[in-house]
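Notes follow the structure.
Derivation of every value follows stated rules applied to the coordinates shown; laboratory data play no part. These numbers come from a predicted model, not from an experiment. Ideal geometry is used to build each Cβ from the backbone, glycine not excepted, and the neighbour counts take in all protein chains shown.
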Amino acid sequence: MEAPLQQRIVGAIVLVTLGVIFIPALLDGSGYKSRQVQDIEIKDKPAFPPLSQKKLKPIPTPLEKIEANQTKALKPDLKQANKKPIKSFALQVGTFATAENAGKLRDRLRKAGYTTFVHKVQSKGKTSYKVRVGPELEYSVLEKIKKDVEKHQKIDGYIVNHP
């Protein structure tokens, strides 16, 4: 036999062998049921109890929610208010024995555009007058003011709690 004929016969035998092995696996009938139309059974209407027997929690409308929040806001909780006092700070720039000297520094800083006041303090029978800038609710704001006073007025101060 010639070589090309021999190769064709071997190829045919290989194809027939592969067909014998794989065609039964593909055509085993497993897809038969999935291709058939299936009947779907629908049950009768489900039985629900009448709504008169059920007790439901009422759902508040958005308007009712707003009114409830406003009512709470109008009635401040005094216990909560006393728990957290508002903190404020002031920049103390000088302490004087006389009100006149404290007034001079206060007026000078006011002309420069700072909000200043004089705080009178009694300690050990002596009266002193402290000149302060502020008060402010934010500590960081006073830090900026402190730097500005040091730079432009050449006054070194420190931040204290107010009052």
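See the values below:
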| read-out | value |
| --- | --- |
| Cβ-based exposure ranking for 108, 8, 132, in which fewest neighbours within 10 Å come first | 8, 108, 132 |
| Qualifying lysines (Cα of each under 25 Å from Cα of residue 87; at least 8 residues distant if same chain) | 72, 75, 79, 120, 130, 144, 146, 147 |
| Of the DSSP H helices in the chain, those whose Cα atoms cover at least 27 Å axially and whose Kyte score averages -0.5 or more | 3-26 |
| Cross-link reach list, aspartates and glutamates versus residue 151, counting only Cα pairs under 13 Å and skipping chain neighbours closer than eight places | 143 |
| Calculated over the stretch 92-150: convex hull of Cα atoms, volume per residue (Å³) | 81 |
| Under 12 Å from the Cα of residue 43 - aspartates and glutamates, other chains or at least 8 residues apart | none |
| Within a Gaussian network of the chain (alpha carbon springs, distance under 10 Å), most fluctuating of 113, 125, 11 | 11 |
| Contact order relative to length of the stretch 88-162, as percent, for alpha carbon pairs under 8 angstrom and 6 or more apart | 45 |
| Dmax and Rg, reported as Rg then Dmax, of the chain (C-alpha, Å) | 46.5, 136 |
| Helical contribution to [θ] at 222 nm, DSSP H n ≥ 4, -39,500 (n - 2.57), averaged over the chain, rounded to 500 | -14500 deg cm²/dmol |
